[in-house]
Amino acid sequence: MFRHNASLEKSPTKPGDHLLTRYSWLRTAPAVSLLVLSLASPAAIAAQPQPFKFANIHFETNSSACDMGIQILFDTDGVTEGKVEDPNEQVVYSFQTALGMEQTHDQTEGFQEHVEPPITDLEDALGCEPSPDAISLAQLLTVWPAGIYDFEGTSGGVLSEGTAKLTHKVPAGPVITAPADGAIVPHDQPLVIRWRKVTTPIIPTLGPVTIVGYHVLVKDLSPPASPGRVPAQLDADVSKDETTFTVPKQYLEPNRMYEFEILATEKGNNQTITEGGVFCTPPVTAPECELE
């Protein structure tokens, strides 16, 4: 900040020499010099990393299909490129805004769902039909080791950082007790979905587990009632102490087919789905209430 001028130092009678003398000691005081520089440098302040608003990585397992894969989620103030590194500093996910679009295409939120391969260990334990594409649980967990994953993004020279922890604690899927797959239910009454509390891992080597909540999803599978209408979907988080969820009658319509599932979430964020199949409302009949 204070630049040494050799020519002025040779002429101590010139105006301003008393200033040079006063500040010449800065050249031999690195600590104070650093303080002055930092106070006067907005760029240095702006270079401080910004925290991600949210960062998450977890396994999603489908106990009905015996498959398992990774989901990555994040939220920021806006980044044009970024990456996620595993505990071994290997990049497991990266993204970048198309060149030339940086000024208008900052990404605030991101969701990445990897293909969920069938797992032989789950097929053996849960009785799923063997798949030729299945891999072992050891293969999957080796590729996605437990530990801290680093999230990093940039926009306009500003760095954003975050971390998320991945565990290998995977809960069992909820056992759904009602309604039965293919049930015909009235559209003018609330529908109660029931399941049993989850207390164990999906297989012993992936425990112990602590359940922090459930998630219920109900989706209308019938064609939209009017052109351009998006099929209705109901999503709800449920307390860890609950084993029922009431679908309000306002959601149900006559002559429809609905698909539903329940997820159990472990405190490490890993979650396991159980597919409940479908239920229908009259005048749909029982023989018609099944997926093709």
Kindly state, to the nearest 0.05, the FRET efficiency for Asp124 paired with Leu291, given R0 = 30 Å and r defined as their beta-carbon distance.
-> 0.70
What is the distance, in nm, between label points placed 7 Å from the Cα along the Cα-to-Cβ direction at Thr199 and at Ala232?
-> 3.7
Starting from the Cα of Lys83, step 7 Å along the direction of its Cβ; do the same at Gln250; then give the gap between the two resulting points in nm.
-> 4.9
Loop-resident sites, the range 217-249, for trypsin sites (Lys or Arg not before Pro), counting at most 15 other Cβ within 10 Å (DSSP) = Arg229, Lys240, Lys249
Could you list, in their original order, any pairs among Lys53/Lys219; Lys83/Lys219; Lys165/Lys219; Lys219/Lys240; Lys169/Lys240; Lys165/Lys240 whose Cα atoms are separated by more than 24 Å?
-> Lys53/Lys219; Lys83/Lys219; Lys165/Lys219
What percent do you get for the relative contact order of the range 53-157 when only Cα pairs under 8 Å and 6+ apart count?
-> 34
Could you give the length gained on full extension between Ser131 and Ser222, defined as 0.36 nm per residue of separation minus the Cα-Cα distance, in nm?
-> 29.8 nm
Listing Val115, Val218 from the residue with the fewest other Cβ atoms within 10 Å to the one with the most, what is the order?
-> Val115, Val218
Val175/Val91 FRET efficiency (R0 30 Å; Cβ-Cβ; nearest 0.05) = 0.15
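Every number here is computed from the coordinates shown, using simple stated rules; none is lab data. For clarity, every value in this text was computed on a predicted model and none was experimentally measured. All Cβ positions, even for glycine, are placed from backbone atoms using ideal geometry, and neighbour counts span all protein chains on display.
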